[in-house]
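Peer 1: Got a structure for you, questions after.
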Amino acid sequence: MKPLFLIYFFTLLFLSPPIHSQTNDDPEIRKMITEVKAESLENTVVKLVSFGTRHTLSDTKNKTRGIGAAQKWVKSEFDKYALESNGRLTASIDYFTVKADGKRIPKDSQLANVMATLKGTDPADDRVLIISGHLDSRVSDVMNIKDDAPGANDDGSGVAAMMEIAKIMSKRSFPCTIIFVAVTGEEQGLYGAKHLAELAKESKWNIIAMINNDMIGNSLSSGTNLRDNTQVRVFSETIPYLETEEEAKIRKTTNKDNDSSSRQFARYIKTTTSQYVDQLNINLVYRNDRFLRGGDHTPFSQNGFTAVRFCEMNENFNHQHQDIRTENNIKYGDLPEFMDFEYLRKITCSNLATLSNLAWSPKAPVNVGIDVKSLSNSSTLLWSPATDKKIYGYQVLMRETASSHWEKTFFTNDTKIELPYSKDNFFFAVQAVDSLGHASLAVFPIPIR
């Protein structure tokens with residue numbers, strides 16, 4: 001099958017095969033994006049707020065109030081989506097016990113994550129993608145389990161985005177498995193995410209990427225009163241939490257401090273969003289999370305998985321971790337009325353485009369290397385032949401060392417390419433692509449002597 005669109009932007013006589021850039025749009029991804037509705041996202045947030053409080057330690061027996069009622073409702077929505085999935089989507093509530101920690105868990109407590117698994121259609125594809133938002137909420141006192149804690153933006157926004165994407169993606173088939181999860185215990189210490197990440201590691205899930213959406217529905221900052229619904233932050237770790245001595249040695253010798261797998265995924269999100277989502281720029285933040293703060297992607301990073309966090313560009317602390325009240329004519333509290341649902345829609349579209357593009361992509365190339373046998377002002381990259389039948393070719397990505405994202409793309413059908421650019425001045429990576437332009441995550445090359 002021929003690619004939809006192929007641009008030859010330069011050909012050099014000493015290079016074989018020719019080098020060119022490939023940019024393809026998948027009409028199915030564009031169709032899915034049109035199915036994301038701001039009104040639907042708002043309805044989900046309003047429903048989540050209706051449970052009064054979703055504090056991790058709140059009532060689990062009441063049918064209309066507390067974390068238990070919210071969990072059962074999310075599960076019931078997943079079950080509705082399953083009806084249109086041809087049996088591929090299954091939902092469950094994963095209960096687990098957390099021991100008293102002497103801090104935010106005063107006694108042994110049963111917590112739960114609500115999960116929906118969209119099984120992949122290819123038995124030979126063991127890749128797993130995870131998208132999450134945290135269901136629990138809080139007010140000023142993190143131990144206050146009685147007062148209303150609406151949690152509209154923190155993190156009703158992330159849960160609503162995750163559920164909207166689950167509804168849309170479950171109607172399609174993907175070769176790999178996608179897990180949609182509303183975790184709990186985030187405000188008490190990331191307990192739901194820790195449980196899931198440790199379960200994934202113990203079960204040897206091949207998680208190639210995890211997205212955590214936490215506070216993605218507010219566009220107005222507190223204090224500065226800046227309003228911006230055209231940018232969103234994506235946080236990614238620099239030095240991996242888990243790194244072998246050999247991996248650390250390669251990182252130091254190749255200066256790949258800004259090329260962790262999570263950083264590559266963040267760039268992937270930026271590229272895909274730029275292609276498919278109008279009026280939304282991905283602001284790459286070079287740290288795992290906000291200053292001295294953390295989120296549900298962190299336990300996945302700590303367990304060696306590729307994970308990033310989406311978070312709004314400007315936080316509003318009047319509507320985050322606040323009791324509902326009015327002081328000096330300022331209304332406090334995390335309520336739906338302070339959210340920007342069009343902003344939330346765009347960020348949801350970014351998540352959807354990213355997950356779909358990656359889920360439909362071929363597996364990433366392996367044994368990617370860069371030839372350093374001799375000094376040269378050109379760079380030769382090589383990798384192992386693909387076994388994935390979906391692969392149409394490969395894209396070699398290039399950027400200047402001071403650039404945050406990829407600047408040039410070279411396409412080849414071969415497993416070796418020579419570029420007239422010095423490895424002293426540029427960074428490179430390789431990704432596999434299919435005929436519709438679905439690209440794998442980029443792989444940074446290791447030196448080959």
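Peer 1: Looking only at residues that are buried (at least 20 other Cβ atoms within 10 Å of the Cβ) and of a type outside the set (A, V, I, L, M, F, W, C) in region 304-321, which one is farthest from V49 (Cα to Cα)?
Peer 2: Per the criteria, the residue is T306.
Peer 1: Evaluate the following for D125: is it open to solvent by less than 30 Å² (accessible area, probe 1.4 Å), touching a Pro at 6+ places or on another chain (Cβ under 7 Å) and modelled with pLDDT of 95 or more?
Peer 2: Working: open to solvent by less than 30 Å² (accessible area, probe 1.4 Å): yes; touching a Pro at 6+ places or on another chain (Cβ under 7 Å): yes; modelled with pLDDT of 95 or more: yes.
Against the criterion (open to solvent by less than 30 Å² (accessible area, probe 1.4 Å), touching a Pro at 6+ places or on another chain (Cβ under 7 Å) and modelled with pLDDT of 95 or more), D125 qualifies.
Peer 1: Also, I was wondering about something else. V139 fails exactly one of the following numbered conditions: (1) closer than 27 Å to G333 by Cα; (2) open to solvent by 40 Å² or more (accessible area, probe 1.4 Å); (3) of a type in the set (A, V, I, L, M, F, W, C). What is the number of that condition?
Peer 2: (2)
Peer 1: Continuing with this model, one more query. For region 422-435, which positions are open to solvent by less than 50 Å² (accessible area, probe 1.4 Å) and either under 11 Å from Q395 (Cα atoms) or not in a strand (DSSP E or B) (or both)?
Peer 2: Filtering region 422-435 for residues open to solvent by less than 50 Å² (accessible area, probe 1.4 Å) gives 422, 426-435.
Within region 422-435, S422, F428, A429, V430, Q431, A432, V433, D434, S435 meet the criteria.
Peer 1: Give region 388-402 a look and list any residue that's in contact (Cβ under 8 Å) with a residue 12 or more places away in the chain and assigned to a loop (DSSP other than H, G, I, E, B), or say none.
Peer 2: If the condition is that a residue be in contact (Cβ under 8 Å) with a residue 12 or more places away in the chain and assigned to a loop (DSSP other than H, G, I, E, B), then D388, K390, I391, Y392, T401 are the ones that fit.
Peer 1: Among the residues of region 32-57, count how many are of a type in the set (D, E) and open to solvent by 70 Å² or more (accessible area, probe 1.4 Å).
Peer 2: Selection size over region 32-57: 2.
Peer 1: Looking at M398, is it surrounded by fewer than 23 Cβ atoms within 10 Å (Cβ to Cβ), out of contact with any Leu (no Cβ under 6 Å at 6 or more places or on another chain), among the aliphatic types (A, V, I, L, M) and at pLDDT 95 or above?
Peer 2: yes
Peer 1: Is region 151-162 home to any residue that is of a type outside the set (K, R), touching a Lys or Arg at 6+ places or on another chain (Cβ under 7 Å) and in contact (Cβ under 8 Å) with a residue 40 or more places away in the chain?
Peer 2: Among the residues of region 151-162, at least one is of a type outside the set (K, R), touching a Lys or Arg at 6+ places or on another chain (Cβ under 7 Å) and in contact (Cβ under 8 Å) with a residue 40 or more places away in the chain, which makes the answer yes.
Peer 1: Can I ask one more? Can you pull out the residues in region 222-260 that are at pLDDT 95 or above, crowded, with 17+ Cβ neighbours inside 10 Å and more than 17 Å from R287 (Cβ to Cβ)?
Peer 2: If the condition is that a residue be at pLDDT 95 or above, crowded, with 17+ Cβ neighbours inside 10 Å and more than 17 Å from R287 (Cβ to Cβ), then N229 is the only one that fits.
Peer 1: Right, something else. Go over the candidates T117, T64, T97 one by one and state the one that is surrounded by 13 or more Cβ atoms within 10 Å (Cβ to Cβ), touching a Ser or Thr at 6+ places or on another chain (Cβ under 9 Å) and among the β-branched types (V, I, T). Even if it seems obvious, please write down each step before you answer.
Peer 2: Values: T64 fails: surrounded by 13 or more Cβ atoms within 10 Å (Cβ to Cβ); T97 fails: surrounded by 13 or more Cβ atoms within 10 Å (Cβ to Cβ).
Only one candidate passes the filter, namely T117.
Peer 1: Consider region 86-122. How many of its residues are more than 26 Å from the chain's Cα centre (by Cα) and either under 18 Å from G133 (Cα atoms) or free of Cβ contacts under 8 Å to residues at least 60 places away in the same chain (or both)?
Peer 2: Counting residues in region 86-122 that are more than 26 Å from the chain's Cα centre (by Cα) and either under 18 Å from G133 (Cα atoms) or free of Cβ contacts under 8 Å to residues at least 60 places away in the same chain (or both) gives 9.
Peer 1: So, one more: Which is over 30 Å from E243 (Cα atoms), aliphatic (A, V, I, L, M) and surrounded by fewer than 24 Cβ atoms within 10 Å (Cβ to Cβ), of I347, I370, I417, I324?
Peer 2: I324
Peer 1: How many residues, within region 31-72, are acidic (D, E) and assigned to a helix (DSSP H, G or I)?
Peer 2: Looking only at that region, the number is 2.
Peer 1: Scan region 379-395 for residues that are of a type in the set (V, I, T) and either open to solvent by less than 40 Å² (accessible area, probe 1.4 Å) or closer than 13 Å to V430 by Cβ (or both) and jot them down.
Peer 2: If we filter region 379-395 for residues that are of a type in the set (V, I, T), which is where we start, we get 380, 387, 391.
Listed by number, the residues that qualify are T380, I391.
Peer 1: Still on this structure, please answer the following. Tell me which of these A209 doesn't satisfy, since it passes every other one: (1) buried (at least 17 other Cβ atoms within 10 Å of the Cβ); (2) over 19 Å from L355 (Cβ atoms).
Peer 2: Among (1) buried (at least 17 other Cβ atoms within 10 Å of the Cβ); (2) over 19 Å from L355 (Cβ atoms), A209 violates only (2).
The values are calculated or read from the model by the stated rules, or taken from the named source; none is laboratory data. As the structure is a prediction and not an experimental result, all values here were calculated from the model. No Cβ is skipped: glycine too gets one built from the backbone with ideal geometry, and neighbour counts run over all protein chains shown. For the accessible areas, the whole protein counts, side chains as well, though only heavy atoms, and no ligand, DNA or RNA atoms are used. Shrake-Rupley method; radii C 1.70, N 1.55, O 1.52, S 1.80 Å.
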